[in-house]
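This report concerns only the one structure given below.
The values are calculated or read from the model by the stated rules, or taken from the named source; none is laboratory data. Because the structure is predicted, anything quoted here is derived from the model rather than measured. Reconstructed Cβ throughout: ideal geometry from the backbone, glycine too, with neighbour counts over all protein chains shown. Remember, those area values only see protein heavy atoms, side chains included, never the ligands or the DNA or RNA. Shrake-Rupley method; radii C 1.70, N 1.55, O 1.52, S 1.80 Å.
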Amino acid sequence: MGISICPVTPDFVAEVGDADLSALPAADLAAVKAAFWKYAVLVFPGQDLTPAQHLAFAREFGPVETDRVLDTKKAPHRLNVSFADISNLAPDGRIWAGDSRQRQYKAGNRLWHTDSSFKFRPGLASLLYSRTVAPVGGHTEFADQRAAYDALSDAMKRRLQGLVAEHSIATSRRKSGFTDFTEDEGRRLPPVPQVLVRTIPQNGRKSLYVASHAGRIFGMPETEGRALIDALIAHATQRQFVYTHRWRERDLVMWDNRCTLHRGTDFDDLRWVRDMRRATVSDVANTCEQEGVAVPA
Ligand code: OGA
Ligand code: MN
C-alpha cells in the first residue's frame, strides 16, 4: 500500500500515515526520506517503538549522538546514552524537583534553537518520541528557516553570505539563567564556528542557520554581531514560518536541524508528567566545511 503523506503546508511539515517505523519496508523508507528532505518536519502518529527500534530508525539517517552535555556524576541519567531525555522526570522516574540541575539546564529548550549547533559537527536530524504528554501546554514549535531565508531582502542575503557565527552551549544557557557549568563541562564543549547561511544538499535550498546558541559573529564587533543574530532569530520565528505541534501519546516527530528552529512551550512541569526521548543524528561535517568557508582562527 505504501505510506500516505498529508502536508500541513505545501513544503513545511507533513503527517505520515500507514507507516510502522519499527518495520519499514525499503520502498517506504525511501519515500520517508524524500518527504523528510522536502518537508523538514515529519509527524508519525501512533508509533509503538522500543528504544532499540527508535534508534534503528534514526540510524537510517546517520550516526546517533552518544555524548552528554552535563556531567553524569552531577546529573545522573534516566535513559541510555543514545537518548536525550526530553522529560521532566528524575532518574527515579518521579517528577523532578524545582531546584534540580536538569530542570535548570533544560529550561534552555524553551529558547529557539537547533540541536547540537554548539558541537563542531552539529545535529542533522532529531527524532523525538512521546510516551506521556501533558494535558495542557508542553507543545513543540518549529520554524522553517528556508522560508525565513527566502523572505530576507537581497541586501541582507548578500550581507550574510560567508559569515560565520560562534555557537556555544554556555551562550544559550546564560540566556535561560543556567551558568553553573563545571570546568570539566566547559572544557568538553568549547565554542564552535557555524555558517549563518547553509545550503541543503538534497534540494539546493538555502537556509538561515542561527540559534540561541549563537553568540558573536567572526570579523564583526561583538555587540553588532549579537544584535544581528537577535534580529535574524526574530525575523525567522515570525508566525508565518511557525508550526506548533500539539503532542499525542506515541507521536514520533522528526525534524531537519539544518533548516528548522524549534522550542518547547511552557507547561506546569512540577505537576504534569511529560515524557519524551530524542535520538539525534549527527551531520556529516562542520557547516563551514560543508559550505567551503574557511573556519575563522
Ligand atoms: C528537543 C527540544 C523541546 C521540547 O527535543 O530537542 O528542544 O520540550 N524539545 O519539546
Ligand atoms: Mn532541541
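A search for C-beta distances below 8 Å between a residue of region 248-266 that is closer than 16 Å to R131 by Cβ and any residue that is β-branched (V, I, T) and within 10 Å of ligand 1 (Cβ to nearest atom), counting only pairs 6+ apart in sequence or on different chains, returns V253/T140; G264/I86; G264/T140. Taken as a whole, the structure leaves A134 outside the set of residues that are open to solvent by 20 Å² or more (accessible area, probe 1.4 Å), part of a loop (DSSP other than H, G, I, E, B) and away from ligand 2 (no atom under 16 Å from the Cβ). Taken as a whole, the structure places F142 among residues that are within 13 Å of ligand 2 (Cβ to nearest atom), under 30 Å from E60 (Cβ atoms) and either of a type in the set (F, W, Y) or surrounded by fewer than 22 Cβ atoms within 10 Å (Cβ to Cβ) (or both). Of the conditions (1) more than 16 Å from ligand 2 (Cβ to nearest atom); (2) in contact with a Lys or Arg (Cβ under 6 Å, 6 or more places away or on another chain), Q238 satisfies every one except a single condition; which number is it? The number of the failed condition is (2). Here region 152-197 is the region considered, the condition is being in contact (Cβ under 8 Å) with a residue 24 or more places away in the chain, closer than 19 Å to E289 by Cα and not aliphatic (A, V, I, L, M), and the residue that is most open to solvent (accessible area, probe 1.4 Å) is Q161.
Residues in region 218-257 that are of a type outside the set (S, T, N, Q), within 14 Å of ligand 1 (Cβ to nearest atom) and assigned to a loop (DSSP other than H, G, I, E, B): R246, W247, R248, D251.
When residues in region 75-110 are screened for being within 12 Å of ligand 2 (Cβ to nearest atom), touching a strand residue (DSSP E or B) at 6+ places or on another chain (Cβ under 6 Å) and not charged (D, E, K, R), 3 of them pass.
Which of the residues belonging to region 10-64 are of a type in the set (G, A, S), assigned to a helix (DSSP H, G or I), without any contact (Cβ under 8 Å) to a residue 60 or more places away in the chain and in contact with a Leu (Cβ under 8 Å, 6 or more places away or on another chain)? A35, the sole residue that qualifies.
Give me the residue from region 278-296 that is in a loop (DSSP other than H, G, I, E, B) and more than 16 Å from ligand 1 (Cβ to nearest atom) and, out of that set, most open to solvent (accessible area, probe 1.4 Å).
First, the residues of region 278-296 that are in a loop (DSSP other than H, G, I, E, B): 283-286, 292-296.
Next cut, more than 16 Å from ligand 1 (Cβ to nearest atom) only: 284-286, 292-296.
Numbers: V284: 100, A285: 11, N286: 2, G292: 70, V293: 38, A294: 82, V295: 78, P296: 41 Å².
The residue in question is V284.
Annotation: D67 fulfils all but one of (1) more than 16 Å from ligand 2 (Cβ to nearest atom); (2) under 27 Å from R258 (Cβ atoms); (3) in a loop (DSSP other than H, G, I, E, B); (4) open to solvent by 50 Å² or more (accessible area, probe 1.4 Å); the unmet one is (1).
Considering every residue within region 101-116, establish whether at least one is assigned to a helix (DSSP H, G or I), of a type in the set (S, T, Y), surrounded by fewer than 21 Cβ atoms within 10 Å (Cβ to Cβ) and touching a Leu at 6+ places or on another chain (Cβ under 9 Å).
Let us first name the residues in region 101-116 that are assigned to a helix (DSSP H, G or I), namely 101-110.
Adding the requirement that they be of a type in the set (S, T, Y) leaves 105.
Those still in the list that are surrounded by fewer than 21 Cβ atoms within 10 Å (Cβ to Cβ) too: 105.
So of that shortlist, the ones also touching a Leu at 6+ places or on another chain (Cβ under 9 Å) come out as 105.
Yes, there is a match, as at least one residue in region 101-116 is assigned to a helix (DSSP H, G or I), of a type in the set (S, T, Y), surrounded by fewer than 21 Cβ atoms within 10 Å (Cβ to Cβ) and touching a Leu at 6+ places or on another chain (Cβ under 9 Å).
Which residues, taken from region 258-277, are part of a strand (DSSP E or B), within 15 Å of ligand 2 (Cβ to nearest atom) and either touching a Lys or Arg at 6+ places or on another chain (Cβ under 7 Å) or open to solvent by 30 Å² or more (accessible area, probe 1.4 Å) (or both)? Result: R263, G264, M276, R277.
Please go through region 71-98 and give me each residue that is in a loop (DSSP other than H, G, I, E, B) and in contact (Cβ under 8 Å) with a residue 40 or more places away in the chain, ordered by number.
Just the residues of region 71-98 that are in a loop (DSSP other than H, G, I, E, B), to begin with: 71-83, 86-88, 90-94, 96-98.
Across region 71-98, the qualifying residues are D71, K74, L79, S82, F83, I86, S87, N88, W96, G98.
Screening A23 against (1) small (G, A, S); (2) open to solvent by 20 Å² or more (accessible area, probe 1.4 Å); (3) within 16 Å of ligand 2 (Cβ to nearest atom) leaves a single unmet condition, (3).
Specify which of the listed residues (R101, R68) is charged (D, E, K, R) and touching a residue at least 24 places away in the same chain (Cβ under 8 Å). Before the answer, list the steps.
Numbers: R68 fails: touching a residue at least 24 places away in the same chain (Cβ under 8 Å).
Being charged (D, E, K, R) and touching a residue at least 24 places away in the same chain (Cβ under 8 Å) holds for just one of R101, R68, which is R101.
Taking T265, is it under 30 Å from G93 (Cβ atoms) and within 16 Å of the chain's Cα centre (by Cα)? Yes; evaluated as a whole, the condition is true for this residue.
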